[in-house]
Amino acid sequence: MKKIVSLFLSLLMLVSLSVTASAVSISAGPDAAFEAFKDGEASLDYVYFSPVKDENDETKYPLILWLHGNSSGDYPRHQLYNSDIYKFSTDEFQSRFVGTGGAFLLLPRDPTNGINLAWDFAVEGAKKTLDSFIAEYGNNIDINRIYVGGNSMGGKGVYKIAAAYPEVFAAIFPISPVYVPTNAELKALSKTAVWVFNNKNDNYPQLSNSSVKNYFSYLNKKSENPQNNRWSSFSEYYGTGGVLQKNEVHNTWTPVLNDLFMDDGSEYKAMTTVDGNGNTVNLTYPEGFIHWLSSQSLNENATAAWKNPFAWLIDFFISIFNGIISIFGI
């Protein structure tokens, strides 16, 4: 009997260890960070990073669902190796998540990737994978702070999955999305915070400044909180060490996944950012993209009302006042 109990406790320990964090410093390099990601399979195979510290950690962490680009799903773990998303698992970047100092990262893989169809047919599979992951690790996931982002064709998938399930995602970040969302999809995002990224010199017509400006404007007209929305347009791309790469006009995900800062902590070069009201946004280290993202929550308005117990009463009298003005034409 003692052997059975001992075996059970050993298995339990292994299970708890499988969801605990093993973040490393960004200076340790990508290979060390890759080792912190574990493999799983639901509707789609995936890799994930868990910020859970130990079996006694009851923190509710936010979760980022990442949809890879068209050239990044050829084989298992390719979606992890082929972008800088791994940096979000490092100690330095995990510490920037507001309120929790950490976040889950979930990276499903679209197996149709290799024939220019990434996320054309796998959006439902990504949602089922997300549901399965939440069912398994939900005790440590803040369901009000689930975000979805992706690059290139993955950015298209971001718009599609967020519009199909707007009640799930507090914020989305399509990066160089080779797609123009429909008006119906933009209307569905009225309660969702959106930060879209493009390079104005991109060869894809969907990513010209005029194209993104047009639908970003429409999005903000339908948005309940346009001040939460942002659009960043790049004019140049700087790679490792801040070296200008003149021929690269599509990759805006590397700056985003470096939290929109240069190596010295300054705001990323050659980038203009505005919010949904047209106001210029400037970033000050270390409050960059991660700070914005992890500040978004589905229950933000409810929390604000809870902090002010008279908020509902104020809103009630305002609605009566506006009604009187409407009736009497004052």
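The values are calculated or read from the model by the stated rules, or taken from the named source; none is laboratory data. Values in this document were obtained by computation on a predicted structure and should not be read as measured data. Reconstructed Cβ throughout: ideal geometry from the backbone, glycine too, with neighbour counts over all protein chains shown.
Figures for the structure shown
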item: Candidates Asp131, Asp202, Asp120, Asp142, filtered to the one that is at pLDDT below 95 and not basic (Lys, Arg); result: Asp120
item: Residue tally, condition within 23 Å of Ser210 (Cβ to Cβ), surrounded by 15 or more Cβ atoms within 10 Å (Cβ to Cβ) and over 18 Å from the mean Cα position of the chain (by Cα), over segment 234-275; result: 9
item: Restricting segment 34-82 to residues that are polar (S, T, N, Q) and in contact with a helix residue (DSSP H, G or I) (Cβ under 6 Å, 6 or more places away or on another chain), the residue that is surrounded by the most Cβ atoms within 10 Å (Cβ to Cβ); result: Ser72
item: Test: residue in segment 133-144 that is under 17 Å from Ala170 (Cβ atoms), outside any helix (DSSP H, G or I) and out of contact with any strand residue (DSSP E or B) (no Cβ under 7 Å at 6 or more places or on another chain); result: yes
item: Lone qualifier among Gly125, Gly101 - being modelled with pLDDT of 95 or more and surrounded by fewer than 16 Cβ atoms within 10 Å (Cβ to Cβ); result: Gly101
item: Selection within segment 209-229 - farther than 19 Å from Gly157 by Cα, touching a strand residue (DSSP E or B) at 6+ places or on another chain (Cβ under 9 Å) and not in a helix (DSSP H, G or I); result: Ser223, Asn225
item: Of residues in segment 101-132 being among the aromatic types (Phe, Trp, Tyr) and assigned to a loop (DSSP other than H, G, I, E, B), the one farthest from Tyr159 (Cα to Cα); result: Phe121
item: Among the candidates Asp275, Asp259, Asp263, residue that is touching a helix residue (DSSP H, G or I) at 6+ places or on another chain (Cβ under 7 Å), charged (D, E, K, R) and farther than 16 Å from Trp195 by Cα; result: Asp263
item: Qualifying residue in segment 71-93 (condition: part of a loop (DSSP other than H, G, I, E, B), out of contact with any Pro (no Cβ under 9 Å at 6 or more places or on another chain), closer than 26 Å to Glu167 by Cα and touching a residue at least 12 places away in the same chain (Cβ under 8 Å)); result: no
item: Enumeration of residues in segment 23-33 that are buried (at least 16 other Cβ atoms within 10 Å of the Cβ) and farther than 14 Å from Gln94 by Cα; result: Ala32
item: Flag if His78 is more than 26 Å from Trp292 (Cβ to Cβ) and in the same structural domain as Ala188 (by TED's automatic domain parsing); result: yes
item: Total residues in segment 230-263, condition within 27 Å of Ser294 (Cβ to Cβ) and either aliphatic (A, V, I, L, M) or assigned to a helix (DSSP H, G or I) (or both); result: 9
item: Pair list, Cβ under 8 Å, 6 or more apart: segment 135-163 residue of a type in the set (Asp, Glu), other residue crowded, with 19+ Cβ neighbours inside 10 Å; result: Asp142/Tyr61; Asp142/Pro62; Asp142/Leu63; Asp142/Ser297
item: Residues of segment 169-204 classified as buried (at least 20 other Cβ atoms within 10 Å of the Cβ), assigned to a loop (DSSP other than H, G, I, E, B) and not aromatic (Phe, Trp, Tyr), total; result: 8
